[in-house]
1. Helix 104-134 versus the longest principal axis of the chain: what angle, 0 to 90°, nearest 10, using Cα atoms?
2. Can you pull the accessible area of residue 50 for me, 1.4 Å probe, Å² to the nearest 10?
3. Counting other Cβ atoms within 10 Å of each Cβ, which trypsin sites (Lys or Arg not before Pro) in the range 23-73 have at most 11 and sit in a DSSP loop?
4. Cα atoms only, the range 65-135: Rg and Dmax in Å?
5. From the residues 45, 68, 116, which one has its Cα farthest along the dipole of the chain in the positive direction, the dipole being from +1 and -1 charges on Cβ of Lys/Arg and Asp/Glu about the Cα centre?
6. Okay, helix-only estimate at 222 nm for the chain: each DSSP H run of n ≥ 4 adds -39500 (n - 2.57), divide by all residues, round to 500 deg cm²/dmol; what do you get?
7. Can you sort 119, 104, 58 by 1.4 Å-probe accessible area, starting with the largest?
8. Please give the helix 74-99 orientation as an angle from the longest Cα principal axis of the chain, in degrees from 0 to 90, rounded to the nearest 10.
Amino acid sequence: MSQSSRHLITRRLFDLAPLLAALVFGGWAAFVNREYGPIVTLRSGMGQATYALFSTWIVSRTVVNVFSFAGRGVQGVLCSFAVSFLVMISIPLAIHYALATPEIFNAILPGIVWGSAYIATYLWVLSRDSRRSAA
């Protein structure tokens with residue numbers, strides 16, 4: 001497989017990430033709140049799914065924009081991770097607080113873990129690609 005083919009596949013995976021995030025994290029939030037009844041289960045799941053869809057897109061854009069702005073080296077990676085992480089956690093906290101989700105931390109914990117890995121992976125790919133294009 002050529003380098004350009006691998007780059008295209010990687011790009012497509014990052015393009016599908018928001019939809020996958022909505023399905024996985026919306027389902028998780030519904031699952032952890034199922035004991036509070038169907039209305040809370042549905043409300044929590046849909047709130048998290050909606051957030052996950054849009055926030056993954058927003059976080060992805062934040063990663064790219066801050067990485068480009070802060071520099072494509074270590075400083076860019078660290079700054080982009082920190083800003084993207086703060087964006088990633090601030091929105092679901094506000095949404096679940098507004099929805100009165102009983103188990104907010106448990107509802108967003110997988111998103112924090114997997115979102116951090118997503119940000120780190122995306123930054124690794126951006127950093128790798130910027131080093132290749134600079135060479």
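1. 10 degrees
2. About 70 Å², ignoring ligands and nucleic acids.
3. none
4. My reading of the Cα-based Rg and Dmax gives 15.0, 52 Å.
5. Farthest along the dipole direction, towards plus: 68.
6. -32000 deg cm²/dmol
7. Heavy-atom accessible area, descending, gives 58, 104, 119.
8. 20 degrees
The values are calculated or read from the model by the stated rules, or taken from the named source; none is laboratory data. As the structure is a prediction and not an experimental result, all values here were calculated from the model. Note that we place each Cβ from the backbone using ideal geometry, even for glycine, and neighbour counts take in every protein chain shown. These accessible areas exclude ligands, DNA and RNA; they are computed on the full protein's heavy atoms, side chains included. Shrake-Rupley method; radii C 1.70, N 1.55, O 1.52, S 1.80 Å.
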